Structure formats: structure tokens, C-alpha cells
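Down below is the structure, laid out as C-alpha cells.
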Amino acid sequence: MKKTILLSIAFCCSFLACEMPLETETSKKNDPPKNIILMIGDGMGVTQISAGLYTNGNKLHLERFKVVGLHKSYASNDLVTDSAAGATAFACGIKTYNGAVGVDTDTMPVKSILEMADENGLATGMVSTSTITHATPASFICHQNKRKQHQKNAAQFLDTDIDLFVGGGKEHFEKREDGKNISDSLKAKGYVVSDFFQEPIKDVKMDPTKPLAYYTANTDPVTAAEGRDYLPGMSKKSVSFLKERGKEKGFFLMIEGSQIDWGGHANESDYIITEMHDFDKAVGHVMDFAEADGETLVIVTADHETGGYAINKGSTMDSLVTAFTTDYHTADLIPVFAYGPGAENFGGIYENTAIFDKMKMLYGFE
Ligand code: MG
Ligand code: ZN
């Protein structure tokens, strides 16, 4: 009897091996990625994702990811992180205090994954729906002992050779207390600098022979409900642009859906949902690229959850009954979605800083 069972198991296994390309998939998975795209939905906890999913016909592009993990989002000085410490954990691989932008608990600058990519000859970029000097994008390129120092952050965009950045905050670069014009300095470095006033974002020529800075607003861009719709399109264009600029050594791109968080702070479910849908469309374009490319690792996560958001009894898919426990962030575990070469490293439960460690390891940076 035992023999029969063993035989049939063996038969099953060999049958599976014949039917499924297990070996090919395994060897492909073991190749490191050439490019990494890190997508951050600021304030996007599991409930934000659930609300986005149900109100979108029970479907999201996030479902295309087969590897899902969870990270522990807390800061060094508080179980509830802010976006500065949260982004610094991904960018620099350190737990730091709330308000810290790219600096450690002693306020010393720590090199970011974007800066490492730049130093290693990769192309780099950031696209955000907040001002580009806001805590999340700033933590990848700036080093400040406290957040909201927009003018200081803007000046630090000259410290790397970032190939592309798109977001709000034109006035922090051009109308400054120190009288400097950072856009002019960027132009002197060879950048094409443009903004919403000079040309609509949909008309922006993305010439991969030159680095590009594009300001989507003077300060913070408007909401998706008010008509802001550039994140999906610019995500699509940015990956092609960086693929070309990084054709030798690869690229690193950070894409942020900033305002999911702001919907949580406002305790407005509709705000969260429209921003979730906008972010998920961007995820869809990035996944289309990554599936065709085969050399790109895509990671989608959040810095923290915002609002203590819940979907309660009486909800239907079309009409959610929601509630909030706070107008600030919470300490929930946060989902991490990964696709592409190296994605298998992102299953399980780990610290938010491990996302940096895994990216650095997969890039092979010293
Ligand atoms: Mg943010
Ligand atoms: Zn927030």
C-alpha cells in the first residue's frame, strides 16, 4: 500500500515537471534585476487598497503581483511613523526619527539607494503627486534634520545627477529667500526644465538624450478629483525614458501616489478612493512595462497607513460605509507587492528598512 502511494506521488511530480516550465522560471528568477521601480502609495494600508478594489469593479492592477509581504513601518522614536522617517527607511535603510529626511538619529546624512544608483552609473528618476521636495521624494535625494524645508531640499537636487524628476514645487526652486534660481542651475547642468505653465504635461517631449525636470504645480498639485491625471501617463513615459538613459547599467525610479495619505488625513473616503484608482493605473502601466521588459523588479508599498480607515457593516461594493479612528497615521503592518527578477525576496514579514537592504543586495551595490 505504502509503495503505491509513493509511486503515485512520484508520478504526480514528474507529470507536473513535464507540464510546467518550472526550471526555466527558477533560473530566470535567480538573475538579478537590471532596473528597480519602487512605487510608494503614501498612507496606503490594506483598507485603502480594499476600498480602491471594491469600488473599481472588484479589480486592481495590484492583483497582478504574485509575491506579497508585509513590513513593520515604525520609526526609531515612535511606533507611528511619519512620511519622512518612513521614506528614509526605504531610501537609506535606517530607522530614524519622525521628521528626519535622509539623516540618521544623530542627524548625520546617510546615502540613499538613488544616490548609490547614480554613483554606480545607473539612470535615476522620481515622479510624485506632491511637491517633489515633500518628505517622501526628498528622502531619496535630500538630507535635512527636519522636514518641510522645501527651499533647502530644492537646492539639494543639484547634488546628484538625477535624470528625471516630475512633481510640484516650482516656487521652491525659483522663488527663494536666498535669491538663487535652482531651475537656472539645473539648465546650466544640461537639464531641460519645463512646467505646467509652459506646456501641458501630456505634451512634454521626453528626449532621453537630456535630463528632464518638470514642475506640475507651484506648490502641491491638485487632487485627482479636481482633474490631476498625470501620474499614470508620466509613469509610462518615465520608464521608457529611463530605460533608454539607463540602457547600459540600468535605472532606479521612485513613483509616489502622495495624496492617498492626504485623503486619510482629511478623513475623506472618496478622496482616498480616487487617489487609489489613480495610483493603481500607474501600477498598471509599470506592470505592462515590467512584463514586457523582463529585467525590471517592481516593488509597490506604502510608508504607513493613514486614518485608521475601516470598511464597516452595511457596505456594498458600490457603496462603502467607512469610518476613521484618527486624522493621523497608524502603526499597521504595510503590504509589499513585488514582481520581476528578485521578487521572491519580498515575501514574509520584515522591517521597512529591509526593502532598502534587498534593493541594494539585488543591485549588487557595495
Ligand atoms: Mg508623501
Ligand atoms: Zn501623512
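The values are calculated or read from the model by the stated rules, or taken from the named source; none is laboratory data. On a predicted model such as this, the values are computed, not experimentally measured, just so you know. Cβ: placed from backbone, ideal geometry, glycine included. Neighbour counts: every protein chain shown. Note: areas computed on protein heavy atoms with side chains; ligands, DNA, RNA excluded. Shrake-Rupley method; radii C 1.70, N 1.55, O 1.52, S 1.80 Å.
Residue by residue, here is whether (1) touching a residue at least 40 places away in the same chain (Cβ under 8 Å); (2) within 16 Å of ligand 1 (Cβ to nearest atom); (3) open to solvent by 10 Å² or more (accessible area, probe 1.4 Å) holds:
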site: LYS247; (1), (2), (3): no, no, yes
site: TRP262; (1), (2), (3): yes, yes, yes
site: GLU268; (1), (2), (3): no, no, yes
site: ASP278; (1), (2), (3): yes, yes, yes
site: THR296; (1), (2), (3): yes, no, no
site: ASP303; (1), (2), (3): yes, yes, no
site: THR306; (1), (2), (3): yes, yes, no
Evaluate the following for LEU62: is it surrounded by fewer than 24 Cβ atoms within 10 Å (Cβ to Cβ), part of a helix (DSSP H, G or I) and touching a residue at least 40 places away in the same chain (Cβ under 8 Å)?
-> yes
Taking the condition away from ligand 2 (no atom under 16 Å from the Cβ), among the aliphatic types (A, V, I, L, M) and closer than 20 Å to ASN352 by Cα, does ILE141 pass?
-> yes
Tally of residues being closer than 20 Å to LEU114 by Cβ, part of a helix (DSSP H, G or I) and open to solvent by 20 Å² or more (accessible area, probe 1.4 Å) across segment 138-151 | 1
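Okay, residues lined up against (1) under 24 Å from the mean Cα position of the chain (by Cα); (2) more than 13 Å from ligand 2 (Cβ to nearest atom); (3) at pLDDT below 95:
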site	(1), (2), (3)
ALA302	yes, no, no
GLU305	yes, no, no
GLY314	no, yes, no
VAL321	no, yes, no
ASP327	yes, no, no
LEU333	yes, yes, no
Answer from VAL68, VAL46, VAL127 - the residue that is away from ligand 2 (no atom under 16 Å from the Cβ), within 26 Å of GLU295 (Cα to Cα) and surrounded by fewer than 18 Cβ atoms within 10 Å (Cβ to Cβ) = VAL68
For segment 21-43, name all the residues that are open to solvent by 80 Å² or more (accessible area, probe 1.4 Å) and modelled with pLDDT of 95 or more.
-> PRO32
Just give me the residues in segment 81-111 being touching a His at 6+ places or on another chain (Cβ under 7 Å) and on the phi < 0 side of the Ramachandran plot, in sequence order.
-> THR81, ASP82, GLY86, VAL101, VAL103, PRO109
Among GLU366, GLU256, GLU344, which is assigned to a helix (DSSP H, G or I) and of a type in the set (Asp, Glu)?
-> GLU344
Take the residues of segment 254-270 that are under 19 Å from GLY308 (Cβ atoms) and within 19 Å of the chain's Cα centre (by Cα): which is nearest to ligand 2 (Cβ to nearest atom)?
-> ASP261
Any chance segment 108-131 includes a residue that's aliphatic (A, V, I, L, M), out of contact with any strand residue (DSSP E or B) (no Cβ under 6 Å at 6 or more places or on another chain) and within 16 Å of ligand 1 (Cβ to nearest atom)?
-> no
Those residues of segment 72-112 that are under 19 Å from PHE252 (Cβ atoms), out of contact with any Phe, Trp or Tyr (no Cβ under 6 Å at 6 or more places or on another chain) and not in a helix (DSSP H, G or I) come to a total of 6
Count of residues meeting criterion [over 23 Å from the mean Cα position of the chain (by Cα) and either of a type in the set (S, T, N, Q) or part of a loop (DSSP other than H, G, I, E, B) (or both)] in segment 152-180 = 6
Close pairs from segment 29-54: first under 14 Å from HIS277 (Cα atoms) and without any contact (Cβ under 8 Å) to a residue 12 or more places away in the chain, partner surrounded by 24 or more Cβ atoms within 10 Å (Cβ to Cβ) and of a type in the set (A, V, I, L, M, F, W, C), Cβ under 9 Å, at least 6 apart | LEU53/MET276
Test: ALA292 is away from ligand 1 (no atom under 15 Å from the Cβ), modelled with pLDDT of 95 or more and not aromatic (Phe, Trp, Tyr) | yes
Counting only residues that are hydroxyl-bearing (Ser, Thr, Tyr) and either crowded, with 19+ Cβ neighbours inside 10 Å or not in a loop (DSSP other than H, G, I, E, B) (or both), how many does segment 318-341 have?
-> 3
Enumerate the pairs (first residue in segment 320-347 and without any contact (Cβ under 8 Å) to a residue 24 or more places away in the chain and of a type in the set (Ser, Thr, Tyr); second residue anywhere and part of a loop (DSSP other than H, G, I, E, B) and buried (at least 22 other Cβ atoms within 10 Å of the Cβ)) with beta-carbon separation below 9 Å, excluding pairs fewer than 6 apart on the same chain, so at least 6 apart or on different chains.
-> THR325/GLY307; THR325/TYR309; THR326/GLY307
